[in-house]
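Read the structure below first, then the notes.
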Amino acid sequence: MATKARKTKSEAAKRPQNPLLAPWRTPFKAPPFKAIEPKRFKPAFDLALKTHKQEIAEIAGKEQRPTFANTIVALEKSGVLLSKVADVFFNLASADTNDALQAIERDISPRLAQHQSAILLNRRLFLRIADLHERRDELGLDAESVRLLERTYKGFVRAGAKLDAKSRKRVSEINTELAKLGTAFTQNVLADEQAWHMMLDGERDLEGLPESVRAAAAQAATDLGKPGQYAITLARSSVESFLQFSARRDLREEAWKAWIKRGELGGKTDNRKIVVEMIKLRSELARLLGFETFADYVLEDTMAKTPAGVRTLLDKVWPAALRSARAERDALEKRARAGGENFKIAAWDWRYYAEKERKARYDLDEGEVRSYLALENVLEAAFDTAGKLFGIVFEERPDVPVYHPDVRAWEVKTKAGDHVGLFYGDYYARPSKRSGAWMSSYRGQHKLTGSIRPIVVNVMSVARGATGTPTLLSFDDARTLFHELGHGLHGLLSDVTYPSLAMTNVLHDFVELPSQLYEHWLSRPEVLKRFALHEKTGKPMPERLLKQLEAARTFNQGFQTVEYTASTLLDLELHSLNDASGLDVDSFESEVLARIGMPAEIVPRHRIPHFQHIIGGYAAGYYSYLWSEVMDADAFAAFTETGNIFDKKTANRLKTHIYSAGGRQDALDAYISFRGRAPEIDGLLRKRGLE
């Protein structure tokens, strides 16, 4: 028997260890992606959940009187394995998914929601936190620790910890069901995007498309297994470029309809019933927690505070945007008539005629602009800007494991050579990636168990250039790259003690400030003159083009503000329903848009059946981009007022109070610490040309 036991141990030793559960001996302890097969996730999640449950039970069951160390710090130190596994899984599920990962996601999402509810609704645990919160002024804590205690207490209360047992049970059930529905929603949108593409047959179908768009369409066809042909996909950079340049009105209409009807095609990927069920559950959850509507619940823990606070901002922006959009529409119709067309502008015409109008009004050709915006150069510009502002450098590291051949890795260091973090860039569209652009992390920064440095990823869906040619970006895509790196820097420069105060835990309507502020540097001549280099000649963007870009800076802003604000209003109205029992998504959307005077020629940037922001973390919070824009316009003025957009003193204040501060301080107080006063809306209206 002893011999048999030794043999079993020997065999076990030879069995490959689950890489998700083993120490990572890669550079910077990055995930060893090649070793992580989908089948590894379930056993890893099983063990991680079991371990975390044991940790929570130990904290909640302590006999000793609660202390900050044995309760709050212990909570912060718990769940390390679960975070490690979940961070890898959900990043892959968004950026490089497959059938196996999607099946796991459908299983694990409700389990994780149930697990999270069990923690936040744990009565014994909450009583320990409440006891500390009651005595917080007597504990001798520093400001950051007080902030953590207050945010922890508020998080438990907002989750329902004060409710009776029956209500807590129902809250847990709702959270579990919402996780199931949310996963189904996002997978349905991805399925609709994967299922559609439009092949372009010959020169007639390619009419109007500049060389950069043709090259991207050729590469898309190659990726679809159809080399030598051209394809348009539902990656935003593909379909919007086609709508902007294609002279084929019938094909523009076909592509536009495919784009706006994601999530409402009927059949198993239709999201409208899912939306109805989610809104019902969110309304019930809000009532259980003592709020009239889900919007009231969400906004209570934001800078805006109430739906009325959001509407005050929107009421200032919407009428001005509407006036501007109507004037733009009239100009586009005049432009179409001048070209011999005899029809009213439709939604699939707007981008096409806007491009013609911009060319006529400013002599600005988007195709020419793209020729100066190679992806590599825009990346270099974004990294250089970070260096000038924050004293960091990006050094590419081909030895770091990546999850897809498209992905690249950079070590971020101070100019003195000290390690700051690891940055992944994943920029090209592919069928395994959901559309859009985002920042996420594989590891957050904190100092609770040593100096833990972050691993951050930026993801975009840019249409790749043909093999051997540079990938050229639209100015909007270049701006998005800067935007996402702004988020990335918020994660990389984080300097907090506790994981729960890192950048991902700031208020929703504050989190977009670092990203939207960073966009400003792209359009400055100090940056463009150095990095906007012609794809073929390498010559810098000429002064003529720089002046034309500046002159056209607010062109079409009525359209862009209306399509964004319409989505914001849909989100707010949807989550302001206190009874969703009779909700019909199509009728609701039509009624809201009619009530606000939405022009027929413009559709919301995100229609409800594919509005992934509000299914995820931006429910009743899509306004956050506009709210943060009030601050970003005002914040950039702090630099321009000095006469130097890289002013060191201003940049140091920005890093200290915004980019590195995480949630250490109240959001408005943090802004005032940087700017010296509260933000003013005038900067937003000037930025968008809506004054």
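Residue under question is Ala231, and the condition is that it be assigned to a helix (DSSP H, G or I), open to solvent by less than 10 Å² (accessible area, probe 1.4 Å) and farther than 23 Å from Lys536 by Cα; does it hold?
When the stated conditions are applied, Ala231 does not pass them.
Looking at region 155-165, is at least one residue over 30 Å from Arg664 (Cβ atoms) and either modelled with pLDDT of 95 or more or buried (at least 16 other Cβ atoms within 10 Å of the Cβ) (or both)? Within region 155-165 (the criterion being over 30 Å from Arg664 (Cβ atoms) and either modelled with pLDDT of 95 or more or buried (at least 16 other Cβ atoms within 10 Å of the Cβ) (or both)), the answer is yes, since at least one residue qualifies.
The residue that is least open to solvent (accessible area, probe 1.4 Å), counting only those in region 402-430 that are assigned to a loop (DSSP other than H, G, I, E, B) and under 19 Å from Gly444 (Cβ atoms), is Tyr403.
Restricting His483, His520, His487, His508 to residues that are modelled with pLDDT under 95, open to solvent by 10 Å² or more (accessible area, probe 1.4 Å) and either closer than 24 Å to Thr414 by Cβ or not hydrophobic (A, V, I, L, M, F, W, C) (or both) narrows the list to His508. For region 567-589, the condition holds for no residue, the condition being that it is within 17 Å of the chain's Cα centre (by Cα) and under 30 Å from Ala374 (Cβ atoms).
Comparison of Ala247, Ala286 shows that the only residue that is outside any loop (DSSP other than H, G, I, E, B), open to solvent by less than 40 Å² (accessible area, probe 1.4 Å) and at pLDDT 95 or above is Ala286.
The residues in region 195-219 that are assigned to a helix (DSSP H, G or I) and under 23 Å from Asp365 (Cβ atoms) can be counted, and the count is 13.
Of the residues Ala295, Ala304, which single one is modelled with pLDDT under 95 and closer than 29 Å to Leu121 by Cβ?
None of the other options fit; the residue is Ala304.
Can you tell me which of Glu254, Glu264 is assigned to a helix (DSSP H, G or I), out of contact with any Cys (no Cβ under 6 Å at 6 or more places or on another chain) and not hydroxyl-bearing (Ser, Thr, Tyr)? Glu254 is the lone residue from the list that is assigned to a helix (DSSP H, G or I), out of contact with any Cys (no Cβ under 6 Å at 6 or more places or on another chain) and not hydroxyl-bearing (Ser, Thr, Tyr). The residue of region 590-624 that is least open to solvent (accessible area, probe 1.4 Å), among those that are among the charged types (D, E, K, R) and free of Cβ contacts under 8 Å to residues at least 60 places away in the same chain, is Arg605.
Grab the helices (runs of 4 or more DSSP H) fully contained in region 11-130, keeping just those with 3 or more residues being under 27 Å from Arg430 (Cα atoms) and open to solvent by less than 60 Å² (accessible area, probe 1.4 Å).
Hits in region 11-130: 80-95, 99-120.
The single condition among (1) surrounded by fewer than 21 Cβ atoms within 10 Å (Cβ to Cβ); (2) within 15 Å of Leu517 (Cα to Cα) that Gly689 does not meet is (2).
For region 561-597, a residue qualifies if it is among the hydrophobic types (A, V, I, L, M, F, W, C) and under 19 Å from Arg287 (Cβ atoms), and the qualifying residues are Leu572, Leu574, Leu577, Ala580, Leu583. For region 532-589, taking the residues that are over 28 Å from His508 (Cα atoms), of a type in the set (S, T, N, Q) and in a helix (DSSP H, G or I), the one that is least open to solvent (accessible area, probe 1.4 Å) is identified as Gln548.
The residue list Gly621, Gly582, Gly616 contains one member that is of a type outside the set (D, E, K, R) and in contact with a Gly (Cβ under 9 Å, 6 or more places away or on another chain), which is Gly616. Annotation note: Cβ proximity below 6 Å between a residue of region 187-205 that is touching a residue at least 60 places away in the same chain (Cβ under 8 Å) and open to solvent by 20 Å² or more (accessible area, probe 1.4 Å) and a residue that is of a type in the set (A, V, I, L, M, F, W, C) and not in a loop (DSSP other than H, G, I, E, B) (sequence gap 6+ or interchain) occurs for Trp196/Ala258.
Contact map, region 661-680: residues that are within 16 Å of Glu150 (Cα to Cα) paired with residues that are among the β-branched types (Val, Ile, Thr), Cβ distance under 7 Å, separation 6+ or inter-chain. Pairs shown: Gly662/Val496; Gly662/Val506; Gly663/Val506; Arg664/Val496; Ala667/Val506. Of all residues in region 523-549, those being touching a residue at least 12 places away in the same chain (Cβ under 8 Å), closer than 28 Å to Leu684 by Cα and among the charged types (D, E, K, R) number 4.
Residues in region 431-480 that are in contact with a helix residue (DSSP H, G or I) (Cβ under 9 Å, 6 or more places away or on another chain), basic (Lys, Arg) and either free of Cβ contacts under 8 Å to residues at least 24 places away in the same chain or open to solvent by 30 Å² or more (accessible area, probe 1.4 Å) (or both): Arg434, Arg443, Arg453, Arg464, Arg479. In region 432-449, of all residues being among the small types (Gly, Ala, Ser) and part of a loop (DSSP other than H, G, I, E, B), the one that is farthest from Ala235 (Cα to Cα) corresponds to Gly444.
Pick out the one residue from Ile672, Ile645, Ile658, Ile681 that is in contact with a helix residue (DSSP H, G or I) (Cβ under 7 Å, 6 or more places away or on another chain) and open to solvent by 10 Å² or more (accessible area, probe 1.4 Å). Residue meeting the stated conditions: Ile681. Only one of the numbered conditions (1) in contact with a Leu (Cβ under 9 Å, 6 or more places away or on another chain); (2) assigned to a loop (DSSP other than H, G, I, E, B) is violated by Gly468, and that is (1).
Of the helices (runs of 4 or more DSSP H) lying entirely inside region 290-381, those containing at least 2 residues that are touching a Phe, Trp or Tyr at 6+ places or on another chain (Cβ under 9 Å) and more than 30 Å from Arg158 (Cβ to Cβ) span 307-338, 350-362, 366-370. If you go through region 131-149 and keep only what is among the acidic types (Asp, Glu), in a helix (DSSP H, G or I) and loosely packed, with under 15 Cβ neighbours inside 10 Å, you end up with Asp131, Glu134, Asp137, Glu138. Checking region 349-356 against the condition returns a match, with at least one residue being open to solvent by less than 10 Å² (accessible area, probe 1.4 Å), touching a residue at least 24 places away in the same chain (Cβ under 8 Å) and more than 22 Å from Phe611 (Cα to Cα). Residue count for region 610-662 under the criterion of being within 18 Å of the chain's Cα centre (by Cα) and within 27 Å of Asp571 (Cα to Cα): the result is 22.
The values are calculated or read from the model by the stated rules, or taken from the named source; none is laboratory data. None of these values were measured; they are calculated from a predicted model. Counting neighbours? That spans all protein chains shown, and the Cβs are built from the backbone with ideal geometry, glycine included. The accessibility values were calculated without ligands, DNA or RNA, using every heavy atom of the protein model including side chains. Shrake-Rupley method; radii C 1.70, N 1.55, O 1.52, S 1.80 Å.
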